[in-house]
1. If you place +1 on the Cβ of every Lys and Arg and -1 on the Cβ of every Asp and Glu, how big does the dipole about the Cα centre of the stretch 49-152 come out, in debye to the nearest 20?
2. Can you check what the net charge comes to around Ser50, using other residues whose Cβ is under 10 Å from the Cβ of Ser50 (Lys, Arg +1; Asp, Glu -1)?
3. Pick out, from Phe137, Val83, Gly123, the residue whose Cα sits farthest towards the positive end of the charge dipole of the stretch 2-154, with +1 on the Cβ of Lys and Arg and -1 on the Cβ of Asp and Glu.
4. When Rg is the radius of gyration of the Cα atoms in the stretch 13-52 and Rh is its Kirkwood radius, what does Rg/Rh come to?
5. Order of His144, His36 from fewest to most other C-beta atoms within 10 Å?
6. Using Cα centres only, tell me the gap between the stretch 98-127 and the stretch 143-158 in whole Å.
7. Counting pairs of alpha carbon atoms under 8 Å apart in space and at least six apart in sequence, what relative contact order in percent does the chain give?
8. Run the helix sum for the chain: -39,500 (n - 2.57) per DSSP H stretch of 4+ residues, divided by residue count, reported at 222 nm to the nearest 500 deg cm²/dmol.
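Since every read-out is calculated from the coordinates, none of them should be taken as a lab result. For clarity, every value in this text was computed on a predicted model and none was experimentally measured. In this analysis, Cβ positions are derived from the backbone assuming ideal geometry, glycine residues included, and neighbour counts consider all displayed protein chains.
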Amino acid sequence: MKYTVSIEIAMPREEVAQLLADPAHLPKWLRGLVLHEPLSGVHGQVGTRSRVVMQMGQQKMEGTETITRREPADLRGIPKGSVVHFDREIVSEGMWSAVRDRLTEASPDTTLWVSENEYRFSGWLMRLVGLLMPGAFRKQSQQHMQDFKAFAEQGKDVREAKE
């Protein structure tokens with residue numbers, strides 16, 4: 001299953017990239033995040049592997065995230081017109097996913113965030129979930145983007161929101 005979601009954020013691209021890359025901010029906008037801890041490497045850098053635990057209602061998912069691309073490596077002084085790339089793979093029981101995030105300058109004070117998502121399922125239960133609920137995956141990705149936008153633009157923290 002593949003899909004693409006996008007959102008515009010009323011902030012310069014360099015600031016958006018720095019907020020997205022900072023692990024200290026993840027719990028503030030990544031709804032359902034229980035744990036995100038590096039197993040090897042430096043958080044956010046290419047090759048880093050991290051243990052990720054997410055809670056969605058009664059369902060808990062644990063997996064391993066690997067950063068596969070981050071360009072440019074230094075997020076300060078990003079050249080005008082260039083695209084910022086954040087790519088990662090997440091592997092959990094019955095599921096593999098790849099997320100390819102792109103940040104482009106829509107205007108000097110606006111960033112377009114485009115996220116390409118791909119999922120592959122194994123095992124009959126996860127394949128069934130993928131077949132019956134493809135919209136849930138897209139909806140969750142869009143929710144994460146909206147939560148990040150609210151955090152970046154208004155300082156809203158999902159931990160303080162009423163579910």
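1. Here the stretch 49-152 has a charge dipole of around 140 debye.
2. Details: positive: Arg49, Arg51, Arg88; negative: Glu37, Glu65.
Once all neighbours under 10 Å are counted, the net charge is +1.
3. Gly123
4. On the way: Rg = 10.7 Å, Rh = 10.9 Å.
With Rh from the inverse mean 1/r over Cα pairs, Rg/Rh is 0.98.
5. Lowest count first: His36, His144.
6. The two parts, judged by their Cα centres, are 17 Å apart.
7. That works out to 29 percent.
8. One gets -8000 deg cm²/dmol as the mean residue ellipticity at 222 nm.
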